[in-house]
Amino acid sequence: MDVLVPMDDSEMAEHALEYALDVFDDAEITVLTVVGEPSIMWGEAAAIAIADDMQEAAEEHGQTVADRAGEIAADHDTEVDVSVRTGHPSRAILDAAEDYDTIVLGSHGGSVADRLMVGNVAETVFRRAPVPVTVVR
Amino acid sequence: MVTALVVVGLLVAAFVGYNIGGSSTGVAFGPAVGSRIVRKTTAAALFTLFAFVGAWTVGRNVIDTMSDGIVPAAQFSPTASVGVLFFTGLALLISNIYGVPASTSMTAVGAIVGLGLATGTLDAALMFTIVSAWIVAPLIGFGVGAAIGRYLYPHLDARLSFGRMRDPLLRIDRSGFVPRPGLNENASTRDLIGAALVLVIACYMGFSAGASNAANAVAPLVGNGSITMNQGILLAVGTIGLGGFTIARRTLATVGNDITDLPILAALIVSLVGATIITVLSQLGIPASLAVSTTCCIIGLGWGRASRTATLAELAKPTPPGEGETDLATGSLATSPAGEESAGPTVGQLATGEAEAPTEPPENPDIPGIGNEAPEEVTAESLFDPAATARIVTLWILSPVVSVVGSYILFALLL
């Protein structure tokens, strides 16, 4: 069984990973973090676009979440794969979704501004994903 | 009654100026504070100084337009002035509480337009010029950013280097009775030049922010003669400075943070372009948003730089409507194994802009993702996709539209 856990730097996302580790304890868990998402002045997206090696820059931006996911997995005596994608969070998650059996994600992470900017990621994924979705609250 | 309204007007104007100071200091001095060239207090002091110079010189033209241009000065009765300022203040309040973008200039002009429509005194020709400028200025920002990003940025990047400093370059010496500014002695010449450049451009941005924004706070009051032009400028800059010294500490961490995500060189380029656009428009008496022009320049710079691997002919090929989204997934799968490009880019790749230029080999095609999933190609299109851009443009347009409608309804009922 392959489980996709999309994560940002929010506490809710950490709950989602913990839940996935508890419930799907013998599954292959992949943490997906999306970087360079649309923001008011597009700072992060432009910073990645400007870098000499965009892939490397994207991975650098995803490192904090990757480290945190690694710590949480270590607490559960296991490991997770971490993958980084760029751009719009819900679109990136949905693009990745079909390679997995199920998705587990936190209900919301961002501020009001984030929600206006990128919409409610959990809701979009929940409505459009081709596989079963668990929304952790 | 009338004097009470004037006092309310002054208070709302002060509130508007205070919030402008809070948000503009972050945009202007974000890079300088982020790279530790100056501390927040020094940034606020410099911002206030240059905002004052900008407002006192070029800013007069914008105050002229907004106090006696879009609608005749006679329309700014004490009630109308308070109403117009109320909408500007409300937009700023929402923007600062929720971190949602709202252009002060566009909202303020929107409120005046509502007043003009309700009283039938709107100068339509002037508004046509202003709205044209609102469309053209961001496009120029985007175009200049894209050109620099595509052709000039790598060369600039190779020649200029900017580092983070351990101690602020410009510090306030508090050992004496009077605090004195002084230079950090432990900085190299190269650091000094780079830092000086960051600082000069931040001050220039402060200048343009003052020039364009002073009018938003005081134009209605100058229009109805409650205060003179000079008093208005002093009130605007005084309250802008107050905001710079107080709430800017927080906005430097939010609004300013977005711009400090950029490498310093990129932040400098977009600041320079944004400030120049706004200074020119202010000189012409046209109120416009510094944040919108700067943001468009950021998108242009990033997009131009990220598109460097595609040829212009490929870029010119439009994405077929509806196909872009679904092709991204299949396109990324097709491009992940190295060496497949040798057969030439597929139409799907061209459509999503994921193709590498045929003349240039793909950069490090073997870079693995952090995990074992086939890594998705990072492209300009994935970072600046049209849907998200449209969403943000809508947000920027929303505040002046709400302001026009709200103020029209208010003044149609009230006057």
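The values are calculated or read from the model by the stated rules, or taken from the named source; none is laboratory data. In this text, all values refer to a predicted model and were calculated from it rather than measured experimentally. Note: ideal-geometry Cβ built from the backbone for every residue, glycine included; neighbour counts use all protein chains shown.
Every residue, every condition in (1) buried (at least 17 other Cβ atoms within 10 Å of the Cβ); (2) farther than 19 Å from B:Asn216 by Cβ; (3) within 14 Å of chain A (Cβ to nearest Cβ); (4) modelled with pLDDT of 95 or more, yes or no:
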{"residue": "B:Ala74", "(1), (2), (3), (4)": "no, yes, no, no"}
{"residue": "B:Phe86", "(1), (2), (3), (4)": "yes, no, no, no"}
{"residue": "B:Leu90", "(1), (2), (3), (4)": "yes, no, no, no"}
{"residue": "B:Gly145", "(1), (2), (3), (4)": "yes, yes, yes, yes"}
Per the list (1) in a helix (DSSP H, G or I); (2) surrounded by 22 or more Cβ atoms within 10 Å (Cβ to Cβ), residue check on A:Leu116 breaks on (2)
Read through the list (1) free of Cβ contacts under 8 Å to residues at least 24 places away in the same chain; (2) within 8 Å of another protein chain (Cβ to nearest Cβ), then give the number of the only condition that B:Val280 fails.
(2)
So, in region B:92-117, of the ones that are farther than 22 Å from B:Val8 by Cα and modelled with pLDDT of 90 or more, which residue ends up surrounded by the fewest Cβ atoms within 10 Å (Cβ to Cβ)?
B:Leu117
Out of (1) more than 17 Å from the chain's Cα centre (by Cα); (2) part of a helix (DSSP H, G or I); (3) more than 14 Å from B:Ala13 (Cα to Cα), the odd one out for B:Thr121 is which?
(2)
Give the residues of region A:26-59 that are surrounded by fewer than 17 Cβ atoms within 10 Å (Cβ to Cβ) and without any contact (Cβ under 8 Å) to a residue 12 or more places away in the chain, sorted by residue number.
A:Asp52, A:Asp53, A:Glu56
All conditions in (1) surrounded by fewer than 24 Cβ atoms within 10 Å (Cβ to Cβ); (2) in contact (Cβ under 8 Å) with a residue 60 or more places away in the chain are true of B:Val222 except (1)
Considering (1) within 19 Å of B:Leu262 (Cβ to Cβ); (2) touching a strand residue (DSSP E or B) at 6+ places or on another chain (Cβ under 6 Å), say which one A:Asp52 fails and leave the rest.
(2)
